[in-house]
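The values are calculated or read from the model by the stated rules, or taken from the named source; none is laboratory data. Note that the coordinates shown come from a computational prediction; the quantities given were computed from them, not determined experimentally. So basically every Cβ, Gly included, is an ideal-geometry build from the backbone, and we count neighbours across all protein chains shown.
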Amino acid sequence: MATQTHTTNAPLSQGALLTPGEVAVLFRVDPKTVTRWAQAGKLSAVRTLGGHRRFHEAEVRQLLTGVPQQRTGE
């Protein structure tokens, strides 16, 4: 079984890192939207050595607490 390793310039002590796809699932948006948020400065991103964005899970979870829950139609 292979393990997946995230290589970043940030110290790993800051917690888990999420991909744009993982963040998108949490917010129920497209991964491109997450990338746009990062470009606009609404969400801070860490770049891997390969140039991919990763997001700090703690920051994402904190932002999620301010997002209103989706209502179900009656």
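Whenever a residue of region 18-47 is assigned to a loop (DSSP other than H, G, I, E, B) and loosely packed, with under 13 Cβ neighbours inside 10 Å, its partners that are basic (K, R) and modelled with pLDDT of 95 or more, lying with C-beta atoms within less than 9 angstrom and at least six residues away or across chains, give the pairs K42/R36. If you go through region 48-62 and pick out every residue that is part of a helix (DSSP H, G or I) and surrounded by fewer than 16 Cβ atoms within 10 Å (Cβ to Cβ), you end up with 3.
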